[in-house]
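Once you've had a glance at the structure underneath, I'll fire off some questions.
The values are calculated or read from the model by the stated rules, or taken from the named source; none is laboratory data. Computed from a predicted model, the values in this text were never measured in an experiment. Counting neighbours? That spans all protein chains shown, and the Cβs are built from the backbone with ideal geometry, glycine included.
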Amino acid sequence: MKHRDLIAALPKAELHLHIEGSMEPEMMFELAARNGIDIPYANVEEVRSAYNFTQLQDFLDIYYEGMAVLREEQDFYDLTMAYLKRSHADNVRHVEMFFDPQGHTTRGIAFETAVSGISRALNDGKKTLGMSSYLILSFLRHLSEEDAFETLAEAEPYLDQFIGVGLDSSEIGHPPSKFARVFARAREMGLKLCAHSGEEGPPDYVREALDILHIDRMDHGNRSMEDESLVQEIVDSGMVLTVCPLSNLKLGVIKDMTDSPVRRMLDAGIAVTLNSDDPAYFGGYMNANFEATADALNLTGADIITLVQNSFQGSFLPPAEIATYLEAVGKAAGSVSSETG
Ligand code: HPA
Ligand code: ZN
């Protein structure tokens, strides 16, 4: 834990966070009671002990089930505000947050209910916590292209509330090319493009995300490391990767934290960032992800600062705001190194 103080002191941006994956078991019970919903667990401990996953799908089954307690606009507000407060305590100053509208509309919750609750909390978070934020609408890739187009049409009246679109859920069997036309349309609408790729899926899927979807940012990207020419393309294009170390461990993408590709990515010159993904399910928010990675991979203080700089440089913020945040990173880094000599 030798870098704990540095990690805590640095202002950070979180670029890979699913708001529905930030629902702590305590809140699940609170919302279940408030909305009169039965959940298949007797207490918080039972919920936590169900979070034993060997692959992505094990998690997704429980994750979609957990969403059932989210019904009213206030529920989405409370969920989002709780995440903002928790990550603010980790010195997260900017967040680019995914939400899964189809996880809600498919169970009869209006698109508007979810988006207004989340947006209202993000606006309040700007005022009360000074946190900047963007929202990213993520398509569930196990659903059809037609479903994704319908969701994009539903989103159109709320376009000013999103910065971009993403692609998540079950990766294998649902390659990026399935959504080529949806992503082209989203681009025409002026949206940024992100896609989960190479979490479980092969390097070919990563190539499709780059060459067919023309993504602006890659989520996970772990399996890119299996293909040297792909690594070179990623480096040359300056593509930013949002890696989620504790998520990787919990979902069996890596067997041990020492297998995390973060060290190799840094060495290759990839613009890698660290993120929490679904912190309530994977056992840690931003600082826990930094600490576990730094410990396992023997990261230096300079590595940690690079990862944090990448998080702002890889954000969709305007250049002037990125510059202001980078200045704050430099100041915080300077004050920690002068304290520790
Ligand atoms: N992978 C794919 N889909 C997801 C994830 C993830 O880590 N989290 C929430 N939806
Ligand atoms: Zn994710």
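If you go through the stretch 118-136 one residue at a time, do you hit one that is in contact with a His (Cβ under 7 Å, 6 or more places away or on another chain), within 16 Å of ligand 1 (Cβ to nearest atom), at pLDDT 95 or above and of a type outside the set (A, V, I, L, M)?
Taking every residue of the stretch 118-136 in turn, none turns out to be in contact with a His (Cβ under 7 Å, 6 or more places away or on another chain), within 16 Å of ligand 1 (Cβ to nearest atom), at pLDDT 95 or above and of a type outside the set (A, V, I, L, M).
Hey, among the residues in the stretch 31-43 that are over 24 Å from the mean Cα position of the chain (by Cα) and in a helix (DSSP H, G or I), which one's nearest to Ala68 (Cα to Cα)?
Ala32
So that you can scan it fast, the table gives a plain yes or no per residue for (1) more than 16 Å from ligand 2 (Cβ to nearest atom); (2) over 25 Å from Ser276 (Cβ atoms); (3) assigned to a loop (DSSP other than H, G, I, E, B):
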site	(1), (2), (3)
Cys194	no, no, no
Val206	no, no, no
Leu230	yes, yes, no
Ile254	no, no, yes
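May I pose another question? Among the candidates His214, His220, single out the residue that is in contact with a strand residue (DSSP E or B) (Cβ under 8 Å, 6 or more places away or on another chain) and surrounded by fewer than 17 Cβ atoms within 10 Å (Cβ to Cβ).
Working: His220 fails: surrounded by fewer than 17 Cβ atoms within 10 Å (Cβ to Cβ).
Result: His214 is the single residue among His214, His220 that is in contact with a strand residue (DSSP E or B) (Cβ under 8 Å, 6 or more places away or on another chain) and surrounded by fewer than 17 Cβ atoms within 10 Å (Cβ to Cβ).
Could you list, in sequence order, all residues of the stretch 209-223 that are outside any helix (DSSP H, G or I) and either within 16 Å of ligand 1 (Cβ to nearest atom) or basic (Lys, Arg) (or both)?
Those that are outside any helix (DSSP H, G or I) and either within 16 Å of ligand 1 (Cβ to nearest atom) or basic (Lys, Arg) (or both): Leu213, Ile215, Arg217, Met218, Asp219, His220, Gly221.
I've got another one for you. For the stretch 80-191, please list each of the strands (runs of 3 or more DSSP E) lying entirely inside it that holds at least 2 residues being away from ligand 2 (no atom under 16 Å from the Cβ) and crowded, with 20+ Cβ neighbours inside 10 Å.
Of the strands (runs of 3 or more DSSP E) lying wholly inside the stretch 80-191, those with at least 2 residues that are away from ligand 2 (no atom under 16 Å from the Cβ) and crowded, with 20+ Cβ neighbours inside 10 Å span 92-99.
For every residue, the table says whether it meets (1) within 19 Å of the chain's Cα centre (by Cα); (2) among the hydrophobic types (A, V, I, L, M, F, W, C); (3) surrounded by fewer than 17 Cβ atoms within 10 Å (Cβ to Cβ).
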{"position": "Pro279", "(1), (2), (3)": "yes, no, no"}
{"position": "Gly284", "(1), (2), (3)": "yes, no, no"}
{"position": "Glu291", "(1), (2), (3)": "yes, no, no"}
{"position": "Asn298", "(1), (2), (3)": "no, no, yes"}
{"position": "Ile305", "(1), (2), (3)": "no, yes, no"}
{"position": "Gln309", "(1), (2), (3)": "yes, no, no"}
{"position": "Gly330", "(1), (2), (3)": "no, no, yes"}
{"position": "Ala333", "(1), (2), (3)": "no, yes, no"}
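If Arg93 satisfies every condition in (1) over 29 Å from Val329 (Cβ atoms); (2) among the charged types (D, E, K, R); (3) away from ligand 1 (no atom under 14 Å from the Cβ) but one, which is the exception?
Status for Arg93: all satisfied but (1).
Which of the residues spanning the stretch 44-65 are closer than 14 Å to Gly283 by Cβ, in a loop (DSSP other than H, G, I, E, B) and away from ligand 2 (no atom under 15 Å from the Cβ)?
Tyr51, Asn52
Oh, and also: For the stretch 7-27, enumerate the residues that are surrounded by 23 or more Cβ atoms within 10 Å (Cβ to Cβ) and away from ligand 1 (no atom under 16 Å from the Cβ).
Of everything in the stretch 7-27, those that are surrounded by 23 or more Cβ atoms within 10 Å (Cβ to Cβ) and away from ligand 1 (no atom under 16 Å from the Cβ) turn out to be Ile7, Leu10, Lys12, Ala13.
Report whether or not Phe59 is touching a strand residue (DSSP E or B) at 6+ places or on another chain (Cβ under 7 Å), within 16 Å of ligand 1 (Cβ to nearest atom) and more than 25 Å from Ser335 (Cβ to Cβ).
Spelling it out, it is not the case that Phe59 is touching a strand residue (DSSP E or B) at 6+ places or on another chain (Cβ under 7 Å), within 16 Å of ligand 1 (Cβ to nearest atom) and more than 25 Å from Ser335 (Cβ to Cβ).
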